[in-house]
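Accompanying notes for the structure given below.
The values are calculated or read from the model by the stated rules, or taken from the named source; none is laboratory data. On a predicted model such as this, the values are computed, not experimentally measured, just so you know. Here the Cβ positions follow ideal geometry from the backbone for every residue, glycine too, while neighbour counts run over all protein chains shown. The area values use the complete protein model at the heavy-atom level, side chains included, leaving out ligands, DNA and RNA. Shrake-Rupley method; radii C 1.70, N 1.55, O 1.52, S 1.80 Å.
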Amino acid sequence: MIPISFSNVSGGYGSLNVVQELSGEVAAGQVLCIVGRNGVGKSTLLKLLLGYLPCRSGVVTICGRKAGSMAPETRRGLGVSYCPQERPVFDDLSVADNLAVMVQDGRLAGYRHFFDLFPVLERRLAQRAGTLSGGEKKLLSFTRGLAEDQPAVVLDEPTEGVQWENIQRMADIINDRKAGGTAFIVVEQNLSFAELIADHYLIMDHGRCVLTGPHTGIGRADIVKHLTV
Amino acid sequence: MPPFMIIDRRTMLAGTAGALAAGIVPGALRRAVAADGEFKIGLLIPLSGPAALFGPSNQGCAELAADEVNAAGGVLGRKIKLIPTDAGAAPAEVAKSVVRLMLEEKVDLVIGSHDSAVRQAVEATVKGKGAKSFYLIGNDYVWARNSNEAAKSYISAGGGTIAGEEYVPLGAPNRFEEIVTRIKGAKPDVVLITVIGADNVNFNRAFASFGLDKDITRLAFLLEENTLQGIGAESSGNLYSCMAYFANVGSEANQKFKAAMKAKFGDKVPQLSTLGADAYAGVHCAKALVDKAGSTEAAAVAAASQGLSFATAGGTATMTGRHVDKDMYLALCKATEFEVVKTFEKIASGQSCPV
Amino acid sequence: MDPLIITQILNILFGVTTLAMIALGLAITFGMLGVLNLAHGEFVMMGAFCALVVDRAGAPFLLAVPLALLVCGGVGLVVELLLIRPLYRRPFDTLVATWGLSLLLRKLAEAGFGLGFNSVAVPLAGTTTLFGTDYPTYRLVLIVICIAIIAALFAWYGTSRAGLKIKAMVGNPDLARALGMPVKRLATTTFVVGSCLAGLAGVMVAPLVPVHPYLGLDYVIKSFFVLVVGGLGSVLGVVAGTGVIGGLDSVMSALFGSTQAYFTVLVVAILFLWLKPRGLFAHG
């Protein structure tokens, strides 16, 4: 079963179609990296996939179910976790509450592994999440999303502002989970990070797909060409 | 002769001080006369908003008066036709008191009869109860302040003292706990009440809940049947009202008036109160004025007001000079009913002519 | 201490707690959902009419509580599903819609009960002697009940997991949905709770005031002032707002008079709008 697939998806804000006729899919244990310059519609595509914006046309399938007009909270129930690019954490809640809010018993035991890799989070458990740095918020969001342990994970620019050392640890975690069968869709600007995890690329420009294929067939030069045009 | 004349408010006030009230606003008599055919009277009544409570009563009483006038030949030979117009307020306007609207229109009209009523009522309580000290509570506007000015002069003339005097804003969400506490501390013999509508209810309920009703007499100057309903039986002990009309007045004229209302409306008789009774008087006053003047010419109408007599729910009222003589009543609240305890006959209005 | 001063202190307490009770529901729907419910006063009015119905039927006054919860909760549920839900994130449309709703509810009450004043008998008539002063028993009981309800809500919101979820949902609804929180159900529940609190407040004040269709207007104005001063989205804001507005109103009223008190409240509300438009405890 394909965790996430989408075909001929168009949509955007108001009457504007930011994303036009995009298709793609990600298999279990694979990472699809979506790359492109700022403002080409990468985040919009994710919002269409996750139900924050309505698709004007096309079909989105999550874990074998057609998503149709399902609300985001329902799509999550189908098996997809999402770490948004903007406002990635609950600013008013403490770091601990951010992690515990949807945990049944409210305990943080499930996060042990992440605390070992990112000790900064454990040090700041009692702190209000709004006071964290941008990179720390991203780490918190990443930790929360990955710990949900769902078959599919959607990450929107997860490494923005994160130190290189921690970016490498994030890549390690993703690669571990890939081995366990988790599918990822990752929007990323940092090509070095993308190269550590990507199995497939989807390169976007002006809301359309300009290049797609396995990472083995697409070199850094091909990507950079589209990023700088 | 133009097809219609406008009778302005001031002119009518001159003639009808004290007799007219909310029901018929003189300004609404404009366009009253078509050269022939019907004699149209605009009836400014509240049909919407909280004051609409009094609309049916005003309209019903005015309709009865119109029927009576028509049966007796109409005005200048023409039949009266009432044209009800909504004087109710827009929702934003209706913030508070149910009678606020009417009182804004009514103020000038009722002052005349009221300072006399205040005198009679104050004298009655001083003599009857040996009351010495008075506490005055009113809404902050001209009628309440004027009434209280009058009351204070009668009180000091009778050797009484003023224990306190305060005013609450008209149309604000007032609370009365603080005022009642001050009254409790001042320990007056009598509280004179000129707050109106919902404020009147709130004040009296708070007053009674603090247990002050047992020792202190309350005397209200605009407390009609529906307000008493809101105050409720448990809060109306030792409460008096002084007005020109109560539905329970036993006078022959009122029995006749009530019988006529009953005959006209059957089971659907609207709640009778001083406000409806004033509308009734207003129509009769208009007829008498215009008949006597022979036209609706402003000057003629003003002149005709001298010595004019017309029917009211309480009996025939007569204008002598520019005053209206009418009966006033002092009533004691028994649960949610008024029981008239004293009648002041042929009380002259003290208001001087504004024209 | 002078018994009159004690009475005035109790008056202040009574003014603040009852105002908080009425403002609470409004603050919850406004702060949590961004819905300025102009019909909030009409829910208070409906609660008061529930008390009137129970009173007229000669049933025990306390029966008015479940009746009001049922009526106001039920109407709140229907209103949220049919009127509010389609209009979330359209604050002006919501304003107009709830204003229309307030007219409708008033007119329905008018059609059912007429415009006349009605009175509900005070359930605990008489006075109780406290610190050497007589104070109306019913008002004393109301003070205690209001404080208990507000404290319970405060504690529940601050410590429960549901409170945590509500905070998360209010602060970042998109992320809350990404985490699978049932935001629509929480929104419906929140609106119903706000409606029920208004109904409860209506039952409480019914024996103190003339019960009539326009009753809600008297209460909703000061509640809006409370929101202006306290800010949105926190129980603390409501408590602070009522403390400032209700306290000022009562203190000024006790010291000078109602006109001065009303004037002060208006000036303070305007100053807050001007200098601190987000209130003392603005959210976020």
Single condition C:I143 does not satisfy, out of (1) within 19 Å of C:A206 (Cα to Cα); (2) open to solvent by 20 Å² or more (accessible area, probe 1.4 Å); (3) more than 11 Å from chain B (Cβ to nearest Cβ): (2)
Qualifying residue in region A:53-73 (condition: touching a helix residue (DSSP H, G or I) at 6+ places or on another chain (Cβ under 9 Å), more than 8 Å from chain C (Cβ to nearest Cβ), among the polar types (S, T, N, Q) and under 24 Å from A:P3 (Cβ atoms)): no
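If you go through region B:123-146, how many residues are part of a loop (DSSP other than H, G, I, E, B) and open to solvent by 20 Å² or more (accessible area, probe 1.4 Å)? Can you show your working first?
Narrowing region B:123-146 to residues part of a loop (DSSP other than H, G, I, E, B): B:130-132, B:140-141.
If we keep only those that are open to solvent by 20 Å² or more (accessible area, probe 1.4 Å) too, we end up with B:130, B:132, B:140-141.
So the count comes out to 4.
Among what's in region C:184-223 and is of a type in the set (D, E, K, R) and surrounded by fewer than 22 Cβ atoms within 10 Å (Cβ to Cβ), pick the residue that is farthest from the other protein chains (Cβ to nearest Cβ). Write out each step before concluding.
Within region C:184-223, the subset of a type in the set (D, E, K, R) is C:184-185, C:218, C:222.
Okay, now just the ones that are also surrounded by fewer than 22 Cβ atoms within 10 Å (Cβ to Cβ), so C:184-185.
On the way: C:K184: 7, C:R185: 9 Å.
Across region C:184-223, the extreme among qualifying residues is C:R185.
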Filter result (farther than 12 Å from A:N166 by Cα and open to solvent by less than 50 Å² (accessible area, probe 1.4 Å)) within region A:104-114: A:G106, A:L108, A:Y111
Residue that is farthest from the other protein chains (Cβ to nearest Cβ) [pool: residues in region B:53-85 that are assigned to a helix (DSSP H, G or I) and of a type in the set (A, V, I, L, M)]: B:A71
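Considering only residues that are open to solvent by less than 30 Å² (accessible area, probe 1.4 Å) and under 22 Å from C:A187 (Cα atoms), which ones fall in region C:56-73? Even if it seems obvious, please write down each step before you answer.
Keep residues of region C:56-73 that are open to solvent by less than 30 Å² (accessible area, probe 1.4 Å), which gives C:64, C:68, C:72-73.
Across region C:56-73, the qualifying residues are C:A68, C:C72, C:G73.
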Residue ranges of helices (runs of 4 or more DSSP H) in region A:125-229 with at least 1 members open to solvent by 60 Å² or more (accessible area, probe 1.4 Å): A:164-179, A:191-197, A:220-228
Counted residues, region C:240-266 - those being among the β-branched types (V, I, T), under 14 Å from C:V228 (Cα atoms) and within 14 Å of chain B (Cβ to nearest Cβ): 3
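Take the conditions outside any helix (DSSP H, G or I), away from chain B (no Cβ under 14 Å) and more than 23 Å from B:G230 (Cα to Cα) and apply them to C:R89. Does it pass?
Here the answer is yes, as C:R89 does meet what is asked.
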Selection count where residues are in contact (Cβ under 8 Å) with a residue 24 or more places away in the chain and at positive phi, scope region C:240-278: 0
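Being β-branched (V, I, T), in contact with a helix residue (DSSP H, G or I) (Cβ under 8 Å, 6 or more places away or on another chain) and part of a helix (DSSP H, G or I) is the requirement here; does A:T44 meet it?
Working: β-branched (V, I, T): yes; in contact with a helix residue (DSSP H, G or I) (Cβ under 8 Å, 6 or more places away or on another chain): no; part of a helix (DSSP H, G or I): yes.
Criteria not met by A:T44.
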Breaking point among (1) under 19 Å from C:K165 (Cα atoms); (2) more than 10 Å from every other protein chain (Cβ to nearest Cβ), for A:R76: (2)
Residues of region A:90-124 satisfying the condition of being in contact with a Gly (Cβ under 8 Å, 6 or more places away or on another chain), within 9 Å of chain C (Cβ to nearest Cβ) and not in a helix (DSSP H, G or I): A:F90, A:D91, A:D92, A:L93, A:M102
Meets criteria (open to solvent by 40 Å² or more (accessible area, probe 1.4 Å), within 16 Å of the chain's Cα centre (by Cα) and not aromatic (F, W, Y)) for C:V244: yes
Tally of residues being within 7 Å of chain A (Cβ to nearest Cβ) and open to solvent by 40 Å² or more (accessible area, probe 1.4 Å) across region C:166-178: 3
Selection count, region C:34-55, where residues are modelled with pLDDT under 90 and open to solvent by less than 30 Å² (accessible area, probe 1.4 Å): 2
Inter-residue pairs, beta-carbon under 9 Å, first assigned to a loop (DSSP other than H, G, I, E, B) and in region C:1-12, second among the aromatic types (F, W, Y) and open to solvent by 60 Å² or more (accessible area, probe 1.4 Å), 6+ apart: C:M1/C:F131
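Taking the stated definitions as given, is C:A254 assigned to a helix (DSSP H, G or I) and either crowded, with 24+ Cβ neighbours inside 10 Å or of a type outside the set (A, V, I, L, M) (or both)?
Working: assigned to a helix (DSSP H, G or I): yes; either crowded, with 24+ Cβ neighbours inside 10 Å or of a type outside the set (A, V, I, L, M) (or both): no.
Judged against the criteria, C:A254 is not a match.
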Any hit, region B:280-289, residues being closer than 25 Å to B:A259 by Cβ, of a type outside the set (K, R), over 17 Å from the mean Cα position of the chain (by Cα) and at pLDDT 75 or above: yes
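Per-residue answers, yes or no, for (1) crowded, with 20+ Cβ neighbours inside 10 Å; (2) without any contact (Cβ under 8 Å) to a residue 12 or more places away in the chain; (3) farther than 14 Å from C:M181 by Cα:
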position: A:K42; (1), (2), (3): yes, no, yes
position: A:K47; (1), (2), (3): yes, yes, yes
position: A:R56; (1), (2), (3): no, no, yes
position: A:G64; (1), (2), (3): no, no, yes
position: A:G68; (1), (2), (3): no, yes, yes
position: A:A71; (1), (2), (3): no, no, no
position: A:G77; (1), (2), (3): no, yes, no
position: A:S81; (1), (2), (3): yes, no, no
position: A:D91; (1), (2), (3): no, no, yes
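Looking at A:T44, A:T74, which is the one that is more than 21 Å from A:R208 (Cα to Cα) and β-branched (V, I, T)? Even if it seems obvious, please write down each step before you answer.
Numbers: A:T44 fails: more than 21 Å from A:R208 (Cα to Cα).
Step by step, each of A:T44, A:T74 is checked, and only A:T74 is more than 21 Å from A:R208 (Cα to Cα) and β-branched (V, I, T).
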Which numbered condition A:S15 misses (of (1) farther than 26 Å from C:A187 by Cα; (2) free of Cβ contacts under 8 Å to residues at least 12 places away in the same chain; (3) assigned to a helix (DSSP H, G or I)): (3)
The one condition in (1) open to solvent by 10 Å² or more (accessible area, probe 1.4 Å); (2) part of a loop (DSSP other than H, G, I, E, B); (3) not hydroxyl-bearing (S, T, Y) that C:M181 fails to fulfil: (1)
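A quick yes/no check of all residues on (1) outside any helix (DSSP H, G or I); (2) within 14 Å of chain B (Cβ to nearest Cβ); (3) out of contact with any Asp or Glu (no Cβ under 8 Å at 6 or more places or on another chain); (4) on the phi > 0 side of the Ramachandran plot:
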| residue | (1), (2), (3), (4) |
| --- | --- |
| C:Y157 | no, no, yes, no |
| C:L164 | no, no, no, no |
| C:F225 | no, yes, yes, no |
| C:V238 | no, no, yes, no |
Elements of type strands (runs of 3 or more DSSP E) contained in region B:147-237, each with 3 or more residues being facing chain C (nearest Cβ under 9 Å) and within 28 Å of C:L140 (Cα to Cα): B:161-168
